[in-house]
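Structure record follows, encoded as structure tokens.
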Amino acid sequence: MSADLTSLSAEAIATGVRRGALSARAVAEDCVARVRATDGTHGAFLELLAEEALERAGRIDERVALGEDPGPLAGVPVALKDNLCHAGHELTCGSRFLEGHVAPYSATAVERLLAAGAVILGRTNLDEFAMGSSTERSALGITRNPWDRERVPGGSSGGAAAAVAAGDVPLALGSDTGGSVRQPAAFCGLVGVKATRGRVSRHGLVAFASSLDQVGPLTRRVRDAALALRTIAGHDPRDATCVTAPVPDYLDGIEAGIEGLRVGVVRESETDVLRGGASWDWQESLERLGTLGARVVEVSVPWITGAVAAYHVLANAEASSNLARFDGVRYGRRRVAADYDSVVEASRSAGFGAEVKRRILLGTFVLSAGYREAYYERARRAAAALEAQMERALETVDLLAFPTAPGGAFRRGARTDDPLAMYLSDIFTIPPSLAGLPAVAVPSGRDDDGLPLSLQLVGPRLGEPTLLRAARAFEHATGWEVTPATKPAAGEGSAA
Amino acid sequence: MARLCRLRLTAAEEECLAGELADILAYIDRLTLLETGGEAETPRPPAPREAPSGRAVAPPPALPRRRFLDNAPQHEEGFLVVPEVRVER
């Protein structure tokens, strides 16, 4: 049997496999064939784990035949952003520095996927060390947006987004520091979730900015995102920042609608950057929320205008510290040189790309003597003020609404020579990251070029149930439940 | 600054990065416009975390030496070979 993954959700696959009505192996075969036939056009994958995936899927079928339950993601093919450790597999973070490095253990999120019966199909491309908003900063390949090959898929989880949007897999795991799950979800017409700070373990996620990094799912449907989040969330003693609150069943009540929900629109949010179709789509999204029974009101968060500035001080300060470990001494590509210091300098200089170097320099500068107070401490105060104001706003409303991105996916090369323009791609995703609040991106419409646009909803801490319920109601209202994924030409990719 | 970052930049990289970083820092300076001079607002502290009751959390097993050395650029007889550290006297 051959499954058409452009129509099957993760939930449908898991339900079918658990009942014995669907073969996990057949699903995996279809995915593998599809990737082999089409990934050349969008370049989502750094490595396809075909044989391993087929073998694992076969074992899942055997377990089902024996009356066992492999778990809530039984047989679901999943792609992993290549900054998530998967034991025994290469882990590059999109960097020449780590080419050939093999992860000695698996990330907690990956372990939980596997324990739930998921089938890891492969590693996906990303901006180097998750630093970027377009996946153009990968040292290991180009990823294109399946909607338009001349456009970026977003970043830094661009490979993961492209894999899901193209119909290769129904679920991918990415990481989100300032928007790196939500923005590629927006650019690729997907659902992307960044949970509350500490909701998902960061153990095994290569650190970029430890106070901001979050592992999150990219899917074609809100229900699949809820299922994935339920699987990966929860306390982990190996991550000291994990919250201990129990994980609810995010599918419970997800269809209940949003009648009476109060949705806040931040007065100071810079939505004047929206143009043309993006502006119209934003207004229509707010009207749609109203039609669904929500009450849309204005709230004030003055410090939101400082969010991007504060983020790039704090995130890069943390990154400069986190990336100090990549010195070519214990792991990574070591350059030959006369002594220890020269080896470290040469290895880092040869191994890191321009964006990583830029961020390390910026992060080191803002922490350095004489500048720390003016930059780092000021940014800390700004982030604290923003967090306080967003929390206060969420005491008067149930959710906040923003566009996810200033527009549809931009053209490849359009912003690579202008770092600041690239950073401003995340103008709407950064505030909830700084505040540690959960946020979901859900498709809302298309721009003037026919590219996906997206609504972002932000909730209070541990407010994922309300957030996902609202996203589901919005998704249902738009009718955007299946991505028109890139399809192979007739006769290609069949796994019958 | 590059030395502090343990990076060695070419002249071209220095020139390019200097301009870019100046632009970024100029943008970051907008934070000064937002400060009111009053007492900084602070968020509520996160809810107290409860340790799982009745269970001591055992430390996870250490990474086996052999697995660690699999990724080492150079190793010998079970030890990591480290470049010589030169100390000026």
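Which of the peptides A:205-217, A:326-338, A:250-262 is most tightly packed, and how do the rest follow, going by the mean number of other Cβ atoms within 10 Å of each residue?
A:205-217, A:326-338, A:250-262
Could you give the accessible area per residue of chain A, probe 1.4 Å, as a whole number in Å²?
On the way: 15430 Å² over 496 residues.
Per-residue accessible area for chain A comes out at 31 Å².
Given the DSSP H assignment, sum -39500 (n - 2.57) over each helix run of at least 4 residues in chain A and divide by its residue total; what's the result at 222 nm in deg cm²/dmol, nearest 500? It would help to have the intermediate numbers written out before the result.
Numbers: 15 runs with 181 residues, N = 496.
Mean residue ellipticity at 222 nm (helix-derived): -11500 deg cm²/dmol.
Could you give each residue of the stretch A:395-402 its phi-based ³J(HN,Hα) in whole Hz, using Karplus coefficients 6.51, -1.76, 1.60 with θ = phi - 60°, and x for Gly or Pro?
After applying 6.51 cos²θ - 1.76 cosθ + 1.60, I find 7, 9, 10, 8, 9, 10, 10, 9 Hz.
Among A:S134, A:T108, A:L121, whose Cα sits farthest toward the positive end of the charge dipole of the stretch A:89-167 (+1 at Cβ of Lys/Arg, -1 at Cβ of Asp/Glu, about the Cα centre)?
So the residue furthest toward the plus end is A:L121.
Please work out the FRET efficiency for the pair A:T244 and B:R67, using the Cβ-Cβ distance as r and a Förster radius of 35 Å; give the result to the nearest 0.05.
Details: r = 30 Å, r/R0 = 0.86.
With a Förster radius of 35 Å, E is 0.70.
Just order A:192-202, A:69-79 by mean Cβ neighbour count inside 10 Å, highest at the front, would you?
A:192-202, A:69-79
What is the gain in length, in nm to one decimal, between A:A65 and A:R380 on full extension, counting 0.36 nm per residue of separation less the C-alpha to C-alpha distance? Show your work: numbers first, answer last.
Details: separation 315, 0.36 × 315 = 113.40 nm, distance 5.55 nm.
That pair, A:A65 and A:R380, stretches by 107.9 nm at full extension.
With unit charges on the beta carbon (Lys/Arg positive, Asp/Glu negative), name the residue among A:P403, B:Y27, A:I13 whose Cα is farthest towards the positive pole of the charge dipole of the protein assembly as shown.
Value computed over the given set: A:I13.
What's the extension gain from A:L420 to A:R325 if we count 0.36 nm per residue and subtract their Cα-Cα distance? Please report the intermediate quantities before stating the final value.
Details: separation 95, 0.36 × 95 = 34.20 nm, distance 2.68 nm.
Roughly 31.5 nm would be gained on extension.
What's the average, rounded to a whole number, of partner chain beta-carbon atoms within 10 Å of each residue's beta-carbon in B:4-16? Could you put the intermediate results ahead of the total?
Numbers: counts 7, 14, 14, 11, 9, 4, 1, 0, 0, 5, 0, 0, 3.
Rounded to a whole number, the mean comes out at 5.
Quick check: pseudo-label points 7 Å beyond the Cα along Cα→Cβ at B:A18 and B:E76, how many nm apart are they?
It is 4.2 nm.
How large is ³J(HN,Hα) for each residue in the stretch A:361-372, as worked out from phi by the Karplus curve 6.51 cos²θ - 1.76 cosθ + 1.60 (θ = phi - 60°), to whole Hz, x for Gly and Pro?
4, 4, x, 5, 4, 6, 9, 7, 4, x, 10, 4
Which ³J(HN,Hα) values in Hz, rounded to whole numbers, follow from the phi angles of the stretch A:110-121 under the Karplus curve 6.51 cos²θ - 1.76 cosθ + 1.60, where θ = phi - 60° and Gly and Pro get x?
5, 4, 5, 4, 5, 5, 8, x, 5, 10, 7, 8
For peptide A:458-464, compute the average count of partner chain beta-carbon atoms within 10 Å of each residue's beta-carbon.
Details: counts 0, 0, 0, 4, 2, 0, 0.
The shielding value for this peptide is 1.
Which of A:L190, A:N83, A:L274 sits farthest toward the positive end of the charge dipole of the protein assembly as shown, with +1 on the Cβ of Lys and Arg and -1 on the Cβ of Asp and Glu?
Among A:L190, A:N83, A:L274, the one farthest towards the positive end of the dipole of the protein assembly as shown is A:N83.
Using per-residue counts of other Cβ atoms within 10 Å, averaged over each peptide, order A:54-60, A:26-32, A:162-168, A:100-106 from highest down. If you can, show how the numbers build up before the last one.
Numbers: A:54-60: 19.6, A:26-32: 24.9, A:162-168: 31.4, A:100-106: 17.6.
The densest-packed peptide leads the list: A:162-168, A:26-32, A:54-60, A:100-106.
Where does the charge balance sit around A:G408 when Lys and Arg score +1, Asp and Glu -1, over other residues with C-beta under 13 Å from its C-beta? Provide the component values of the computation, followed by the final result.
Details: positive: A:R151, A:R275, A:R411, A:R446; negative: A:D148, A:E150, A:D281, A:D447, A:D448, A:D449.
Net charge in that neighbourhood comes out at -2.
What quantity of accessible surface, computed with a 1.4 Å probe and excluding non-protein components, is buried in total between chains B and A, in Å² to the nearest 100? Each step should come with its number before you reach the end.
Working: alone 10000 and 17850 Å², together 22790 Å².
Heavy-atom accessible area buried at this interface is about 5100 Å².
Per-residue mean of other chain beta-carbon atoms within 10 angstrom of the beta-carbon, peptide A:411-423?
Working: counts 0, 0, 0, 0, 0, 0, 2, 2, 6, 5, 1, 0, 2.
The shielding value for this peptide is 1.
So for A:T244, A:T404, what's the accessible-area order with a 1.4 Å probe, most first? Spell out each step's value before the answer.
Details: A:T244 45, A:T404 0 Å².
Descending order: A:T244, A:T404.
I want the antiparallel fraction of DSSP beta bridges within the protein assembly as shown, as a percent rounded to 5. Intermediate values should be presented prior to the final figure.
Details: 32 of 48 bridges.
Of the beta bridges lying entirely in the protein assembly as shown, close to 65 percent run antiparallel.
The values are calculated or read from the model by the stated rules, or taken from the named source; none is laboratory data. Just so it is clear, the structure is predicted and the values come from calculations on it, not from any experiment. We place every Cβ from the backbone using ideal geometry, glycine too, and count neighbours over all the protein chains shown. Surface accessibility is based on the protein's heavy atoms, side chains included, excluding ligands, DNA and RNA. Shrake-Rupley method; radii C 1.70, N 1.55, O 1.52, S 1.80 Å.
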